[in-house]
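The next block holds one structure in the form of structure tokens; read it before the comments.
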Amino acid sequence: MKYALIGCGRIAVNHVKAVANNGLEFVAMCDIDAAKFDVMLDKADCGRFPETARYTDYKLMLAEHPEIDLVAIATESGEHARIALDCIDAGKHLIIEKPIAMSMADADEIVRRADERGVKVSACHQNRFNVAVQQLRQALESGRFGRLSHGSIHVRWNRGRQYYDQAPWRGTWAQDGGTLMNQCIHGIDLLRWMMGDEPVEVYGQTRQRFHDYLEAEDVGVAVVRFANGAVATIEGTSNVYPRNLEETLYVFGENGTVKIGGTSTNNIDVWNFADETEADEANKGLEEATSNVYGNGHTALYADVVDAIENDRRPYVDAVAGRNAVEMVLAVYKSQKTGLPVKLPLEDFASTDMEGEF
């Protein structure tokens, strides 16, 4: 399968490794800064890909390589939707880094146009493929929890001035959003997915406490009510001293309690069920080693997308999943802006509606 990458910054290394691990033909890569190509390939350490064409204009790349099947978009967040829609119009299947868009209008249009054009779009929420997360999902789908009571996600990380100085778009409402949209959206995606995927109301508060050189928030908390009667809480921050502490997901049901911990929801800290069997022992204390907070899921996500294209099915993490994660974050933002609970589905709101909030 022929592949191209748009955006060759920090997260692109994980995409290149997934390309190599899945044996894709790396046809072309694009970034407005040509100096990033070699830096990215060196960090990926999986071959130089000498035959891969290099571009600074993605439209020219698409025009000169009509044979490309699959494109990944890993640019700054504010450019995801525009580039995605151009790629969809060109008939390309897509993997879009999180968030897939910065507004509900753009997220909904990606879903609509992908269906209209018959292309596969996957949101890059790779933590859904973590071993611990998959074990939790299987327990939920088999009904082992019984009725759900509540859940929570805690993303307690650290991001300092050095991180934000690496790229001027970070922490801006137009191109990035704050810690909920950037660092915490993976955990928010998992929480929504596990708790029934039908939130009906969100009430949130966000603040900018220690990063006054940014436009957006560095801490946010929220309460979510779901259609099934369960409730959940969100806590996300980049203010933890002195380094990343945890990304922890809790699910509480009438017959089960699970805590997924580690720095990127990669370990099982608690695994208790009323119908416990010998097979459950393997999950108690499970730890999946990761080299960074991005985890190991990119390779599995790429494999799933390739299979979805070849077998004409929806990807495991499709465009709707990406849209839903964006909706959760934007609902918290709207609640902060209005001071009121926000009903879902969220019809129209954008990160740029928050400009001037702090």
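Taking (1) modelled with pLDDT under 95; (2) surrounded by 14 or more Cβ atoms within 10 Å (Cβ to Cβ) in turn, residue 51 satisfies each apart from (2). Could you tell me whether residue 256 is in the same structural domain as residue 149 (by TED's automatic domain parsing) and free of Cβ contacts under 8 Å to residues at least 24 places away in the same chain? Answer is no for this residue. When residue 69 is tested against (1) of a type in the set (Asp, Glu); (2) surrounded by 21 or more Cβ atoms within 10 Å (Cβ to Cβ); (3) closer than 23 Å to residue 308 by Cβ, exactly one condition is not met: (2). Checking each residue in the range 133-151 for being within 17 Å of the chain's Cα centre (by Cα) and surrounded by 20 or more Cβ atoms within 10 Å (Cβ to Cβ) picks out only 133. Is it fair to say residue 35 is in contact with a His (Cβ under 9 Å, 6 or more places away or on another chain) and either at pLDDT 95 or above or over 22 Å from residue 325 (Cβ atoms) (or both)? Against the criterion (in contact with a His (Cβ under 9 Å, 6 or more places away or on another chain) and either at pLDDT 95 or above or over 22 Å from residue 325 (Cβ atoms) (or both)), residue 35 does not qualify. In the range 261-282 there is no residue that is under 30 Å from residue 171 (Cα atoms), surrounded by fewer than 21 Cβ atoms within 10 Å (Cβ to Cβ) and among the aliphatic types (A, V, I, L, M). When we screen 81, 123, 90 for residues that are modelled with pLDDT of 95 or more and surrounded by 24 or more Cβ atoms within 10 Å (Cβ to Cβ), the only hit is 123. Summed over the range 73-115, the residues that are within 21 Å of residue 174 (Cβ to Cβ), of a type in the set (D, E, K, R) and not in a loop (DSSP other than H, G, I, E, B) give a count of 7.
Of the residues examined, residue 288 is one that is surrounded by fewer than 21 Cβ atoms within 10 Å (Cβ to Cβ), over 28 Å from residue 225 (Cα atoms), in contact with a Gly (Cβ under 8 Å, 6 or more places away or on another chain) and in contact (Cβ under 8 Å) with a residue 60 or more places away in the chain.
Looking at the range 237-288, which of its residues are of a type in the set (D, E, K, R), part of a loop (DSSP other than H, G, I, E, B) and within 20 Å of the chain's Cα centre (by Cα)? Result: 288, single match.
Once the range 199-254 is narrowed to residues that are out of contact with any His (no Cβ under 8 Å at 6 or more places or on another chain) and among the acidic types (Asp, Glu), the residue that is surrounded by the most Cβ atoms within 10 Å (Cβ to Cβ) is 217.
If you go through the range 305-340 and keep only what is surrounded by fewer than 17 Cβ atoms within 10 Å (Cβ to Cβ), touching a residue at least 40 places away in the same chain (Cβ under 8 Å) and either closer than 21 Å to residue 226 by Cα or under 16 Å from the mean Cα position of the chain (by Cα) (or both), you end up with just 340.
The values are calculated or read from the model by the stated rules, or taken from the named source; none is laboratory data. Source: prediction; values computed, not measured. All Cβ positions, even for glycine, are placed from backbone atoms using ideal geometry, and neighbour counts span all protein chains on display.
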